[in-house]
């Protein structure tokens, strides 16, 4: 058995997403399963080294994850030839610094989104890593959510006929920290620290729309800061300067209209924290994180508007749950495995830093649309 040991510098993994999704549920899970098997004679085995600012936090996290290596010295980790991959889950504003150091050290790059605070910077990173001949990728986890995979199956098999529209509902009530434990870090609500739901979520909606429904032609976006005050990690009140809700409409080049509501100030009365409803000429579907329900055109009831009586139609009863015909793994882990196969074996991996730059561009244009109160076209980025 040939084992391909891959040293991975994991910078910024003491944060919520870095710890839970990338370290524990992805890299540790891959190690625990015996690596990534390639046929009967090869396996890829990650060898992570955790990097951060607090040695105490790193030591505790390393012990929790069963990881032997950790350091507060990023430069030393980059200088070690045993480390082939640099992963960045630091704050967005810090990301280009770490990525450029890794490019100079000839490390393959994998990083969280947004890849930068501006599309110009994100595109520059993409060009620099490509010019250096290094493999690179950006996290686009929602593509491997079970609910969205079921939705993609329906698209690929022609269930919808011609797709007409897509409606996305995302979000939940994020407690302010006044009376309850802090739920999200305070920088999320500070514009000066690159916070805001437009910057955070439009990157996601860009790759979801592009991969499932088509290329965005133009957009209109309205942001809002519904809650002007929250409480920080020390229990002190602070002024929210970033948007906590966004209402965006996207016109696609193929004529499909997509609308996404994203909010940290909404109470959930739907099947999941994220739902996508797709309506087509032949059928419709509503997908959540794991499940998907469908209604074919032949089973669509004839609705009659009559507010003077209780509805004779139980609309929810006319939908059928799509069966689960496959075993679905953690979405972050699936993409990690694909990226490591890309690094070791050269397997295709189209979710690169250029795609990450397109996500930053859409968020940037969303902010522009809001500021100028108008529709904005999306120029080609390459």
Which of 174, 268 has the fewest Cβ neighbours within 10 Å, and the rest in rising order: 268, 174
The range 1-60 and the range 123-143: distance between their alpha carbon centers, rounded to Å: 20
P(r), alpha carbons of the range 66-132 - 10 Å bins starting at zero, rounded %: 21, 54, 22, 3
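Rounded if a/c is under 1.5, else prolate if a/b is larger than b/c, else oblate: which is the chain, with a ≥ b ≥ c the root eigenvalues of its Cα gyration tensor? Mind dumping the intermediate values first?
Numbers: a/c = 1.71, a/b = 1.41, b/c = 1.22.
Cα axes put the chain in the prolate bin.
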Mean separation of Cα contacts under 8 Å (6+ apart) over length of the chain, as relative contact order %: 20
Fraction of beta bridges assigned by DSSP in the chain that are antiparallel (%, nearest 5): 55
Segments 76-89, 349-362, 175-188 sorted - mean Cβ within 10 Å per residue, highest first: 349-362, 76-89, 175-188
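Do you know the relative contact order of the range 217-303, to the nearest whole percent, from alpha carbon pairs under 8 angstrom that are 6+ apart?
Numbers: 127 pairs, mean separation 16.1, N = 87.
Reported relative contact order: 19 percent.
Please give the FRET efficiency for residue 53 paired with residue 309, using the beta carbon to beta carbon distance and R0 = 45 Å, rounded to the nearest 0.05. Write down the numbers at each step before the final one.
Details: r = 64 Å, r/R0 = 1.42.
The value I calculate is 0.10.
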Packing rank of 220-230, 195-205, where each peptide gets the mean count of other beta carbons within 10 Å, highest leading: 195-205, 220-230
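Kindly put 279, 377 in sequence by how many other C-beta atoms sit within 10 Å of each C-beta, fewest to most. Kindly include the intermediate steps, with their values, before the conclusion.
Numbers: 279 17, 377 10.
Listing 279, 377 from fewest to most nearby Cβ atoms yields 377, 279.
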Estimated FRET transfer efficiency (residue 267, residue 94; beta-carbon r; R0 35 Å; 0.05): 0.55
Backbone N within the range 1-45 under 18 Å of label point (7 Å from residue 60 Cα along the Cβ vector): 12-21, 23-24
The range 32-95, relative contact order [Cα under 8 Å, separation at least 6], %: 22
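Would you compute, from DSSP H runs of 4+ residues alone, the mean residue ellipticity of the chain at 222 nm, taking -39500 (n - 2.57) per run and dividing by the full residue count, rounded to the nearest 500? List each step's numbers first, then the result.
Numbers: 9 runs with 107 residues, N = 382.
It lands at -8500 deg cm²/dmol.
Listing 311, 263, 165 from the residue with the fewest other Cβ atoms within 10 Å to the one with the most, what is the order?
Values: 311 11, 263 21, 165 16.
In increasing order of surrounding Cβ atoms, one gets 311, 165, 263.
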FRET E, pair residue 257, residue 229, Förster distance 35 Å, beta-carbon r, rounded to 0.05: 0.50
Alpha-carbon centroids, the range 261-305 and the range 101-122: separation in whole Å: 36
For the range 1-141, Kirkwood radius (reciprocal of mean inverse C-alpha pair distance, Å): 15.4
Highest to lowest packing among 130-140, 30-40, scored as the average C-beta count within 10 Å: 130-140, 30-40
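We did not get these values from a lab; they are worked out from the coordinates using the rules stated. It should be emphasised that the depicted structure is a prediction, and the values quoted were computed from it without experimental measurement. Ideal geometry is used to build each Cβ from the backbone, glycine not excepted, and the neighbour counts take in all protein chains shown.
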